Amino acid sequence: MRNTWFFIRKESLESLRSYHLLIIAIVFIIFGIEGPLMAKLTPDILKMASSSSFTIKMPDPTSIDAWQQYYKNMTQIGIFVLVVIFSGTVSGEVSRGTLVNLVTKGLSRYSIIIAKYFVAYMQWCFAILITFLINWAYTAYYFPDNKTPNVWSGMSLLIIFGLMFVAVTIFGSTLSNSNYMGFLTAVVVFIILTLLNLFKEFKHYNPIALVTDNMSLIKGTKQIDTIMPAIWITIVSSIVIIYLAILILNKKRL
């Protein structure tokens with residue numbers, strides 16, 4: 001455990017020195033501002049694009065539109081930005097040989113995986129929370145309605161989904177010395193889960209529900225109990241995937 005905390009401190013300092021946290025903060029602050037701003041400005045933009053012969057009519061924007069834009073940004077771009085940052089976390093060090101001295105001095109290989117997973121997941125939580133809080137503040141300012149009463153429920157699913165998605169990225173980064181393998185593995189898993197969601201019998205258990213059912217929870221049309229099987233499968237899967245990553249690194253030549 002002592003070795004693990006040592007490596008966590010090392011990874012945290014590296015995230016600061018490599019400006020990963022700064023990049024995450026800038027990108028996700030923009031996402032947080034962009035959602036409600038686009039919801040507010042879209043009707044005016046469409047009105048400007050209309051002509052006397054062609055008029056585009058839209059209902060007045062609400063908090064629903066702001067949160068829809070937020071989750072669209074997060075699930076289509078945001079989480080993959082994070083995966084790109086985490087993608088080479090193991091493979092980069094293996095290819096550079098920077099782990100050899102640490103392991104020969106007594107650092108256990110499982111500590112490497114656990115520490116890298118922990119630091120990457122903390123960055124995931126930081127990114128989700130910072131953009132959520134900004135989006136929440138701007139949405140409350142622009143759209144003070146009661147159409148999205150359960151905003152915390154939707155956000156919590158993104159936090160939980162990160163348990164598995166970060167684990168998949170770490171696992172992929174352990175498979176190869178290529179810095180792109182973590183990203184490719186995460187994308188492939190995301191596509192597979194999305195395709196499985198086309199089958200009704202899998203929807204109740206599919207982890208992808210944690211990034212597709214957010215708006216239903218926020219609006220109160222669905223209760224979190226209905227996707228508890230998917231939540232538990234996500235949590236258990238993350239443990240199994242990290243365990244597999246440890247097994248692979250134990251057999252990997254550094």
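The values are calculated or read from the model by the stated rules, or taken from the named source; none is laboratory data. Since this is a predicted model, take the numbers as computed values, not measurements. So basically every Cβ, Gly included, is an ideal-geometry build from the backbone, and we count neighbours across all protein chains shown.
Sort out for me the helices (runs of 4 or more DSSP H) sitting completely within region 53-113 that have 3 or more residues that are acidic (Asp, Glu) and without any contact (Cβ under 8 Å) to a residue 60 or more places away in the chain. So that I can check it myself, show each step before the final result.
Values: elements: 63-73, 79-86, 91-96, 100-104.
Because the criterion is at least 3 residues that are acidic (Asp, Glu) and without any contact (Cβ under 8 Å) to a residue 60 or more places away in the chain, no helices (runs of 4 or more DSSP H) in region 53-113 meet it.
Filter region 186-214 down to the residues that are hydroxyl-bearing (Ser, Thr, Tyr) and without any contact (Cβ under 8 Å) to a residue 40 or more places away in the chain, then identify the one that is farthest from ALA120 (Cα to Cα). Show your work before the answer.
To start, the set of residues in region 186-214 that are hydroxyl-bearing (Ser, Thr, Tyr) comprises 194, 205, 212.
Retained after the next criterion (residues that are without any contact (Cβ under 8 Å) to a residue 40 or more places away in the chain): 194, 205.
Working: THR194: 23, TYR205: 25 Å.
Only one residue fits best here, namely TYR205.
For region 227-238, what are the residues that are out of contact with any Phe, Trp or Tyr (no Cβ under 8 Å at 6 or more places or on another chain) and in contact (Cβ under 8 Å) with a residue 12 or more places away in the chain?
Step one: of region 227-238, the residues out of contact with any Phe, Trp or Tyr (no Cβ under 8 Å at 6 or more places or on another chain) are 227-228, 231-232, 235-238.
Passing the criteria: ILE227, ILE231, ILE235, SER237, SER238.
Within region 163-173, does at least one residue satisfy the condition of being of a type in the set (Ser, Thr, Tyr), surrounded by 15 or more Cβ atoms within 10 Å (Cβ to Cβ), farther than 30 Å from PRO36 by Cβ and in contact with a Leu (Cβ under 8 Å, 6 or more places away or on another chain)?
Kept after step one, since they are of a type in the set (Ser, Thr, Tyr), are these residues of region 163-173: 169, 173.
Checking the rest, the ones that are also surrounded by 15 or more Cβ atoms within 10 Å (Cβ to Cβ) come to 169, 173.
Filter once more, keeping what is farther than 30 Å from PRO36 by Cβ: 173.
Still in the list and also in contact with a Leu (Cβ under 8 Å, 6 or more places away or on another chain): none.
For region 163-173, residues of a type in the set (Ser, Thr, Tyr), surrounded by 15 or more Cβ atoms within 10 Å (Cβ to Cβ), farther than 30 Å from PRO36 by Cβ and in contact with a Leu (Cβ under 8 Å, 6 or more places away or on another chain): absent.
Just to verify a result, which residue in region 1-24, among those that are modelled with pLDDT of 85 or more and either among the polar types (S, T, N, Q) or under 13 Å from GLY78 (Cβ atoms) (or both), is surrounded by the most Cβ atoms within 10 Å (Cβ to Cβ)?
The qualifying residue surrounded by the most Cβ atoms within 10 Å (Cβ to Cβ) is ILE24.
For region 119-152, what are the residues that are surrounded by fewer than 18 Cβ atoms within 10 Å (Cβ to Cβ) and under 22 Å from the mean Cα position of the chain (by Cα)?
MET122, CYS125, PHE126, LEU129, ILE130, LEU133, ALA137, TRP152
From the list VAL211, VAL151, VAL236, VAL168, which residue is within 26 Å of ASN135 (Cβ to Cβ) and at pLDDT 95 or above?
Working: VAL211 fails: at pLDDT 95 or above; VAL151 fails: at pLDDT 95 or above; VAL236 fails: within 26 Å of ASN135 (Cβ to Cβ).
Testing whether each residue is within 26 Å of ASN135 (Cβ to Cβ) and at pLDDT 95 or above leaves just VAL168.
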